[in-house]
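The values are calculated or read from the model by the stated rules, or taken from the named source; none is laboratory data. Bear in mind that the values here come from a model prediction, so they are computed numbers and not experimental data. Note: ideal-geometry Cβ built from the backbone for every residue, glycine included; neighbour counts use all protein chains shown.
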C-alpha cells in the first residue's frame, strides 16, 4: 500500500508539473497550429498521463486522456486543423483533467469525480466527425473504447495482440527509431542552447531503471489478455513505456535537481534567522569592545573574525533564500490561457506580452501573488481594453495589448501590468466614489489624480455599470489590496485617458528576514519594515498643519497625512519637543502616510519573532525582534498603523504635563541632590548645607543620579553636580536631564575645580545655572543653593 | 568521631524511614513566593525557570499589568506584574524581586514577584480544592494546601497564562 502511495505521489507531482506548461503551449499552438514540435509536446503530456493513470487504475482519467490523445494525435499528423472551436473543447478537457488530478490528490481515487461523458462525446465527434478518411489503425483504434476496459497497459497493446510477431518487431523498431530521433533532436536543441549534453545511453539506462517495477507486474495482466508466450511479451511494455515516459524523465534528469520538503527549507530559514540575530549581536559587542580596548592588538584579529562571520552569514542567508525561490513564470504561465478565454468571452481582441518570467521570488510570495494578478488582468480585459469597434473609432490598432512584466529593483521585485485601453478618468472615479458613498465631496476636492486612481481599491467600488461574469462586483481590487498588503507590498497606479493604465506592484523578495528602519520615540525604539518606507524627511515643527483635526504636511506637490508614533503607541511624552522632527513616509499598497518620530537610529536586518499566544494580534505590532544589544524591539505593523491613524485625532504637539505643585511646609520638604564621585567632597557639601535643613540625596556618578531622578521617588528642587565623574560626567548628565520636559526648570549647579572660561561656557551651554569653583566657603554654597530653591524659611 | 558517624547514619536511616513523603505520586512539590503581603505557591513542574529581573520592552495597548516583553535566550516572552494583576499598588522592585517563567503547553510567560520563599513538599491529601466563594469560572486558585502552622494558596497557572483582555 505504501508503495502504491509513493507511486501515486510521484504520479501527481509529475502530472501537475506537466500540466503547468500545457496551458501555455496550447494557447501558443492556436496561434501557430503548424508547430509540430509544440504539438508533439502536448501530445506527449496527454500520453504520459494516460499511461501512468492506467497503470494506477484511474479508469476515468485514462479514458479522458485517451480521447484527448486521439484528437491531438490526429492534429499531430496533419489530419485535423485546430480551429478555435476545437481548441475550446481541448482546453475544456484539459481543465477537466486538472480537476480530476486534484480530485485524485484529495481523495486517492478518480471514482466520483466529474462526469466526463459529455466531453468524451465531443472529443469523439472531433476525431470521428471529420475523421472518415482516417487510416491509422496502428495508433488510433477506430471504435471508442468500451467502458469495461480491464486494467491494461496502453491502447496500442490491444492492437498488438492482433499483429503477427513480425509486425510487432516492426512496431518496436519504429517506436525505438522515433524515440531516438526525438532524443537526437533534443540533444541538438541542447547543444544550441549551450547546455551540457548527457550521454544518450545514460539516459536510457536511467529510464529503464525507473521503469523497473513496471514489467514486474505487467506480465500477469498480459497473459490473461493475450495467448502469446510471456517471453516474447515481456520486453515490450517496458519499451513502449519508455517512449511514453522518456520526454518527461530526461527533462528532469538533465537539470540535476532533488525534491526537498518545503518544511525543511522553512526550518533552515528559521535557523538562519537565529544566526542573523547572533551576528547582529556579535557586531554590537565588537563595537563595544573596540571602544573600550582601543589600540589593543587582539582587536585586529577579532575584527577579522567578526567580519568573516558576518559576510558568511549574509551569503548563507542569500543562498538559503535562493533555494526557496521560484521563477515568477510559474504564475505567469496561466495568463495566456486566461486572456484567450476572456477575449473570446468578451468579444475583444487582446494580446498578452509577457516579460521577465525568469525573475525569481520566494515560494510563499509566488503562492500569494497569483490571485491579485488574476484580478488585475481580468480588470484590464474588462474595463481597460475597449471593444474592437471603439478601438478603431479611436484610431487605435484593433488588438489591445496587455503587458505583464517582472523585474528586480533592489530588494524588491516589481510586477508591472499595463494595458493600452481607455485609461482611468480621475473625475469619473471621484463621481462614482461619491455616489457610492465611498468618499465625501470634500474629500474628493482635496484629491489629486493619483489619489483618485487609488479609489479603485476601495471595497465596494466598481466602475462597471452592470455586474458581468468577469467583473463588476467591486471585490476584485479589494482582494488585490489585501493580498499585496499582506506581502508588505506597494501598489502604484499611473494612467492616461485613452492612453494606458499601468499598475505597478512592488513586493519585497522575502518575508522571513527583513530590513528594517529603526526609529526612536522618546525613550522607546521601534522597527519599521524598510519595504514600506518610501523616504524620510526632516521638517521643522511649524511645517505641520492641522486640517479637520488631522495633522498634515506638504510633501512636494502632495498633502501627506501625519501621525505621531507616540500617539499610536501611547508613549509618554517625557522629552521636550524639539524644533525639528523627522517624518518617515510610509507606503503600503496604494496609501501613504507620514509618521513623526523623534530620532532615526539606522537600518538593521531583523527577524520577525512571534510574541506568543498571550500577546498575539496587538494593534499596530507585527511582532518583535531581538536587537544586537539583546533587547527586544517591537516591529510596526504598517497596515494596522494606517488603520489606527484614521481614528486618531490630532493632539496639540506638546501637552504640558501639569506638575502637581508639591506643598512645602518645612525646609526638609525641599530635596537637593549631590552628585560627586568623591565621598569627601560629598561630605563637605553636606556639612555646608546642613544649616539649611533641606533633605539631601547623594549620587556617586551621573548615571546613578539620572536613575534616582527618573525613579521619581522624590521631586528635586536643585542638583549640585561635579563635572569630572566616571561613567557619566556632569555635562552629559545635564544634557540628559534637560531632554526631559519636566526637569526643564530644575536648577543644576556645577561644583568643580575646572575653572577655565571654556569650561564655564560649556556649563552654560548644557543648562547649568550656577558655576561654583572649588574650593568654596560653606556660606557661599549655602547661599547659592538657598537662592536657587527659593527657600524663604529659616531652619 | 563515632558521634558524628552515628549522626549521619541516623539521618540516613530517618530518610529511609520516611518513604511516604518521598513517594512522588502522593506528593506535590510547590514553590512559594510573596506578592504584596501574601504568600502564594505554584506547582514546581509549571516553572520553566526563575531569573533575576532583566530589561523589558513595553508593549502598547495592553493592560497595566502586562509590563511588556523580554528576551529569554532568543525567545520573546511576555512579562506580567503579579502585583498589578492582583490589584495591588505597584511598588519599587527590590533586589529580591524575580521573574518566574511559567509554562503550560505552548504558552510561556514571565511573572514578576516580590521575593521567593521556599520549595515546599505537600502531601496531596493535604490539598483541598479552592473554597467555594473563590472557585468562580475565572478563579486563579487551584487549591489550598494545609501545613501545620499555615495555609498555602496554590495558583492555577493555566488561568494565569490565559489572555484576558
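Assorted remarks:
- Out of A:296, A:290, one residue alone is farther than 27 Å from residue A:268 by Cα, surrounded by fewer than 15 Cβ atoms within 10 Å (Cβ to Cβ) and not assigned by TED's automatic domain parsing to the domain that holds residue A:412. It is A:296.
- Only a single item in (1) out of contact with any strand residue (DSSP E or B) (no Cβ under 9 Å at 6 or more places or on another chain); (2) under 22 Å from residue A:631 (Cα atoms); (3) modelled with pLDDT of 85 or more is not met by residue A:291, and it is number (3).
- Meeting the requirement of 2 or more residues that are surrounded by 19 or more Cβ atoms within 10 Å (Cβ to Cβ) and touching a strand residue (DSSP E or B) at 6+ places or on another chain (Cβ under 9 Å), the strands (runs of 3 or more DSSP E) wholly within the range A:709-795 are A:718-721, A:748-752.
- Just one of the listed residues (A:600, A:615) is free of Cβ contacts under 8 Å to residues at least 12 places away in the same chain and within 30 Å of residue A:272 (Cα to Cα), namely A:615.
- Condition check for residue B:140: in contact with a strand residue (DSSP E or B) (Cβ under 8 Å, 6 or more places away or on another chain) and closer than 15 Å to residue B:53 by Cβ: no
- Close Cβ contacts (under 7 Å, 6 or more residues apart or on different chains) running from residues in the range A:747-767 that are touching a residue at least 24 places away in the same chain (Cβ under 8 Å) to residues that are surrounded by fewer than 16 Cβ atoms within 10 Å (Cβ to Cβ) and in a helix (DSSP H, G or I) comprise A:766/A:735.
- Flag if residue A:736 is free of Cβ contacts under 8 Å to residues at least 24 places away in the same chain, farther than 21 Å from residue A:683 by Cβ and either in the same structural domain as residue A:679 (by TED's automatic domain parsing) or out of contact with any helix residue (DSSP H, G or I) (no Cβ under 8 Å at 6 or more places or on another chain) (or both): no
Rundown of residues vs (1) free of Cβ contacts under 8 Å to residues at least 40 places away in the same chain; (2) surrounded by fewer than 17 Cβ atoms within 10 Å (Cβ to Cβ), yes/no style:
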site: A:541; (1), (2): no, yes
site: A:547; (1), (2): yes, yes
site: A:555; (1), (2): yes, no
site: A:563; (1), (2): no, no
site: A:568; (1), (2): no, no
site: A:572; (1), (2): no, yes
site: A:587; (1), (2): no, no
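- Within the range A:689-699, the set of residues being surrounded by fewer than 18 Cβ atoms within 10 Å (Cβ to Cβ) and closer than 15 Å to residue A:678 by Cα comprises A:697, A:698.
- Of the residues making up the range A:65-88, not a single one is surrounded by fewer than 19 Cβ atoms within 10 Å (Cβ to Cβ), over 23 Å from residue A:127 (Cα atoms) and in contact (Cβ under 8 Å) with a residue 24 or more places away in the chain.
- Matching residues in the range B:96-123 - criterion: being assigned to a loop (DSSP other than H, G, I, E, B) and either within 14 Å of chain A (Cβ to nearest Cβ) or modelled with pLDDT under 85 (or both): B:105, B:106
- Test result for residue B:79, at pLDDT 85 or above, out of contact with any helix residue (DSSP H, G or I) (no Cβ under 8 Å at 6 or more places or on another chain) and either under 20 Å from residue B:150 (Cβ atoms) or within 14 Å of another protein chain (Cβ to nearest Cβ) (or both): yes
- Count of the range A:593-611 residues which are assigned to a strand (DSSP E or B) and over 14 Å from residue A:535 (Cα atoms): 7
- Candidate set: the range A:612-626, residues that are within 7 Å of another protein chain (Cβ to nearest Cβ) and on the phi < 0 side of the Ramachandran plot; chosen: the one surrounded by the most Cβ atoms within 10 Å (Cβ to Cβ): A:624
- Condition met for residue A:648 (touching a helix residue (DSSP H, G or I) at 6+ places or on another chain (Cβ under 9 Å), within 14 Å of chain B (Cβ to nearest Cβ) and modelled with pLDDT under 80): yes
- Filter result for residue B:86 (surrounded by fewer than 19 Cβ atoms within 10 Å (Cβ to Cβ), within 16 Å of residue B:38 (Cβ to Cβ) and either modelled with pLDDT under 90 or within 14 Å of another protein chain (Cβ to nearest Cβ) (or both)): yes
- Selection from the range B:44-66 of residues that are more than 14 Å from chain A (Cβ to nearest Cβ), surrounded by fewer than 18 Cβ atoms within 10 Å (Cβ to Cβ) and outside any loop (DSSP other than H, G, I, E, B): B:44, B:45, B:47, B:49, B:50
- For the range A:627-642, a tally of residues being more than 10 Å from chain B (Cβ to nearest Cβ) and farther than 16 Å from residue A:279 by Cα returns 8.
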